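Trainee: Next up is a structure, given as structure tokens.
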Amino acid sequence: MYDFQKTQLEFIEHIKDPDNKPFKHPVESRRMDIYRDLFFNNIKGFLSSGFPVLESLYNEEQWNSLARQFFATHDCRSPYFTDISKEFVEYLSNEYELQAHDPIFMKELAHYEWMELAVSIRKQTQKWDASKTVSNVQMSQLASVVSYQFPVHQISQDYQPTEPSEAIYLVIHRDSDDKVDFTLITAMTAHLLLTIENNEQLSIDSLNTMMIESLPQLDAEQVIQGIKQIVEQMIAQEILVPYSISE
């Protein structure tokens with residue numbers, strides 16, 4: 001049994017890193033080629049579909065090398081294919097060292113593209129209160145507030161910033177038609193949304209009080225009117241969900 005397990009581990013190591021981990025057992029090279037290509041191309045396919053903008057910034061050799069390094073060195077904790085993109089983001093954030101040809105915003109762009117994927121497959125259990133008077137709101141389970149140092153929502157082959165900017169705040173969200181989009185927001189709107197997200201069963205009156213206390217430099221009535229406008233906009237975009245307190 002030990003020999004069999006040892007052979008299995010050697011086979012896995014070779015499949016992940018064939019250049020540095022030779023497989024010394026007598027297996028027909030044509031068959032090994034099939035295994036090597038099948039596993040690697042599956043992983044690279046998930047990365048290409050999950051990070052199309054990031055991939056577009058590399059030539060084929062560079063992208064293959066990055067995918068191979070991830071495949072060979074990262075120990076994925078999840079057995080689900082849908083989590084490969086998340087594992088890749090964690091790999092870039094915690095293990096990967098930027099190379100000379102990597103864009104400086106690489107890690108943030110990867111996180112942004114992963115967030116779009118994550119929001120697209122999330123499940124929602126919230127119920128929508130259709131009443132005209134909104135007295136309570138909560139953050140949609142299909143929306144996330146994120147912040148970056150680079151304008152990741154604008155990056156393309158034609159636009160690649162080389163220096164960080166002021167903090168960029170975005171809400172990545174999915175609507176009832178399953179369309180994933182982003183909304184560029186201000187720091188105040190981000191603070192408001194995070195306040196709602198971090199406080200369950202939050203009434204508008206309580207939200208007003210909390211925001212007035214956190215913004216003492218502003219007139220209270222000005223804050224209340226600003227909250228009203230933001231909440232209405234966010235509900236229209238299905239970023240916030242109005243609900244009945246009886247639920």
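Values quoted throughout were computed directly from the atomic coordinates according to the rules given, and no laboratory measurement underlies them. Computed from a prediction, not measured in an experiment: that's the story for all the values here. All Cβ positions, glycine included, derive from the backbone under ideal geometry; neighbour counts span all protein chains shown.
Trainee: I need the semi-axes of the equivalent ellipsoid of the range 181-247: take the C-alpha gyration tensor, multiply each eigenvalue by 5, square-root it, list largest first in whole angstrom.
Mentor: The equivalent ellipsoid of the range 181-247 has semi-axes of 19, 16, 11 Å.
Trainee: Running a GNM on the chain with Cα contacts under 10 Å, which residue among 68, 31, 174 ends up with the highest mean-square fluctuation?
Mentor: Most flexible of the set in this elastic network: 31.
Trainee: Which value, in debye to the nearest 20, describes the size of the charge dipole of the range 125-247 about its Cα centre when Lys and Arg Cβ atoms bear +1, Asp and Glu Cβ atoms bear -1, and nothing else is charged?
Mentor: Computed about the Cα centre, the dipole is about 140 debye.
Trainee: Please give me the summed charge of the neighbours of residue 150: other residues whose Cβ is under 12 Å from its Cβ, Lys and Arg +1, Asp and Glu -1.
Mentor: -2
Trainee: Could you list 80, 91 in order of exposure, starting from the residue whose Cβ has the fewest other Cβ atoms within 10 Å?
Mentor: So the residues, fewest neighbours to most, are 80, 91.
Trainee: Now a separate question. Compare 168, 155, 34 in a GNM of the chain, Cα atoms joined below 10 Å, and give the one with the largest fluctuation.
Mentor: Result: 34 has the largest fluctuation of those listed.
Trainee: Any idea what the relative contact order of the chain is, in percent, if you count C-alpha pairs under 8 Å spaced at least 6 apart?
Mentor: The value is 18 percent.
Trainee: Please grab the % of Cα pairs in the range 33-127 that end up more than 20 Å from each other.
Mentor: The share of Cα pairs beyond 20 Å in the range 33-127 comes to 35 percent.
Trainee: Let me ask something else. Within the set 107/127; 44/123; 123/228; 107/228; 16/86, which residue pairs have Cα atoms separated by over 24 Å?
Mentor: Check vs 24 Å cut-off fails for 107/127; 44/123; 123/228; 107/228.
Trainee: Right, next: Using +1 at the C-beta of Lys and Arg and -1 at the C-beta of Asp and Glu, which of 229, 125, 96 has the Cα lying farthest in the positive direction of the dipole of the chain?
Mentor: 125
Trainee: Show me, for the range 116-123, the HN-Hα J-couplings you get by feeding each phi into the Karplus relation (A = 6.51, B = -1.76, C = 1.60, θ = phi - 60°), rounded to Hz, glycine and proline as x.
Mentor: So the J values, rounded to whole Hz, are 4, 5, 4, 5, 5, 10, 5, 9.
Trainee: Kindly put 17, 178, 129, 37 in sequence by how many other C-beta atoms sit within 10 Å of each C-beta, fewest to most.
Mentor: 178, 37, 17, 129
Trainee: I want the local charge near residue 73. Using Cβ-Cβ distances under 10 Å, sum +1 for each Lys or Arg and -1 for each Asp or Glu among the other residues.
Mentor: -1
Trainee: Pull up all non-local amide H partners of residue 136: gap of 5 or more, or a different chain, and H-to-H distance under 5 Å with H placed in the peptide plane.
Mentor: Amide H to amide H, under 5 Å and 5 or more residues apart or across chains, residue 136 pairs with 204, 243.
Trainee: Just order 191-204, 211-224, 43-56 by mean Cβ neighbour count inside 10 Å, highest at the front, would you?
Mentor: Highest to lowest by the protection proxy: 43-56, 191-204, 211-224.
Trainee: About the Cα centre of the chain, how large is the charge dipole given +1 on each Lys and Arg Cβ and -1 on each Asp and Glu Cβ? Please answer in debye to the nearest 20.
Mentor: Charge dipole of the chain: 700 debye, to the nearest 20.
Trainee: Further question on the same structure: Hey, any idea what Rg/Rh is for the range 125-247, computing Rh the Kirkwood way over Cα pairs?
Mentor: 1.01
Trainee: While we're looking at this one, here's another question. Mind running the shape call on the chain? Use the C-alpha gyration tensor, a ≥ b ≥ c as the square roots of the eigenvalues: rounded below 1.5 for a/c, prolate if a/b tops b/c, oblate otherwise.
Mentor: Because a/c hits 1.5 or more and a/b exceeds b/c, the chain counts as prolate.
Trainee: Each residue of the range 167-181 in order: what ³J(HN,Hα) in whole Hz does its phi give by Karplus 6.51 cos²θ - 1.76 cosθ + 1.60, θ = phi - 60°, with x for Gly and Pro?
Mentor: Karplus values, whole Hz, x for Gly and Pro: 3, 9, 10, 10, 10, 9, 8, 10, 9, 5, 9, 6, 8, 8, 8.
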